[in-house]
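Written out below as structure tokens is the structure these notes cover.
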Amino acid sequence: MTSRYPAVDLSHLRTISIRDRASKVDVKDFAEPHKAGARVTDFLDSLPDILAGRSVRTVINRIGSAREQGRAVVVAMGAHVIKCGLSPILIQLMERGVITALAMNGAGAIHDSEIARFGKTSEDVVDGMRTGMFGMAAETADFLNGVASAAAEEKLGFGEALGRTLIDEDAPCAGVSLLASAYKCGVPATVHVSVGSDIVHMHASANGGAIGDASLRDFRILTEAMKGLGGGVLLNVGSAVVLPEVILKALTILVNLGHDLAGVTGVNLDFVQHYRSNQQVVARIREVGGEGVSLTGHHEIMVPLIAAGVMERLEGASKQ
């Protein structure tokens, strides 16, 4: 018994030799097994030259080239980067002149300041909400809100004022503070606040006018620092909305003013790829003549890996 329905006749199907067919994967692109005692660069070179294996090396090379050519390397980041314990990694890159500007949201400034002043941060939100004490640390609110008022009065950027104050008060853990270290290195560190979204805004000491004034000044400072992104690198690490939107507006200003951004590499690094961050940091970068790269992975693994690759590249260049 056969089917009542006719089947396509494949006897005249045209074929080609696999030798003539274009293939996207070649054995020469395969990974190499790790060798004990190998350097980080050896490990990176051993990764497959496919998808993210290629992208990681691309990002490292772009950052290294930007540093060697004196171009901007701007890092925008969410607060999670600090809570993952990555501040020392970014500080080393600032000290070596790799990172030329650093931007964070209000939560980043809070966590960084708490680390600098008390050596700990990140409370239990659920327990705090049950008791009504979430975000009620008096020292944190008094410090952040006090510095915001001082910054507005002195016409300083919020990040600049925070970094200076942490150094002036000799904060016990200022050595692992991004804000304090940036101020010490002369690297613009900017804080981009969404008013009402941070715990310090719940306190009576919060002055919306001062916070807005200091944060708006930081937006303009960041935009100025992004002028050198032509041939440079813009990384967004872990910010899904606030920093990508800030970046979009800063890029628009630079294009409006006639700055050439050709050759910029935009990198969105997160453990989940979000729509807005990919649009503003990857797709929009391509529209201004740059290259966009999306990397997915945990910050606590990807950031040290990329930084190690950059540091070894710079070390190798200095020996030549």
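Is one or more of the residues making up segment 140-147 touching a residue at least 40 places away in the same chain (Cβ under 8 Å), of a type in the set (D, E, K, R) and not in a helix (DSSP H, G or I)? The answer is no; no qualifying residue exists. Can you find a residue that is within 18 Å of residue 149 (Cβ to Cβ), out of contact with any strand residue (DSSP E or B) (no Cβ under 7 Å at 6 or more places or on another chain) and in a helix (DSSP H, G or I) anywhere in segment 181-195? Scanning segment 181-195 turns up no residue that is within 18 Å of residue 149 (Cβ to Cβ), out of contact with any strand residue (DSSP E or B) (no Cβ under 7 Å at 6 or more places or on another chain) and in a helix (DSSP H, G or I). Filtered by the rule that a residue be over 20 Å from residue 71 (Cα atoms) and under 17 Å from the mean Cα position of the chain (by Cα), segment 190-217 gives 191, 192, 193. Of all residue pairs spaced 6 or more apart or on separate chains, those with beta-carbon atoms under 7 Å, a first member in segment 222-237 that is more than 14 Å from residue 291 (Cβ to Cβ) and a second member that is small (Gly, Ala, Ser) and assigned to a helix (DSSP H, G or I) are 222/250; 223/250; 226/250; 236/277.
Only one residue in 222, 248, 261 is part of a loop (DSSP other than H, G, I, E, B), of a type in the set (A, V, I, L, M) and more than 13 Å from the chain's Cα centre (by Cα). Which one? Answer to the selection: 261. Annotation: of all residues in segment 125-145 being of a type in the set (Gly, Ala, Ser) and crowded, with 16+ Cβ neighbours inside 10 Å, the one that is modelled with the lowest pLDDT is 135. Being closer than 24 Å to residue 95 by Cβ, hydrophobic (A, V, I, L, M, F, W, C) and crowded, with 16+ Cβ neighbours inside 10 Å is the requirement here; does residue 235 meet it? For residue 235, the condition - closer than 24 Å to residue 95 by Cβ, hydrophobic (A, V, I, L, M, F, W, C) and crowded, with 16+ Cβ neighbours inside 10 Å - is met. Evaluating residue 292 against the criteria (1) surrounded by 19 or more Cβ atoms within 10 Å (Cβ to Cβ); (2) part of a helix (DSSP H, G or I) leaves one unmet condition, (2).
The values are calculated or read from the model by the stated rules, or taken from the named source; none is laboratory data. As the structure is a computational prediction, the values presented were derived from the model and not from experiment. Cβ atoms come from the backbone with ideal geometry, glycine included; neighbour counts cover every protein chain shown.
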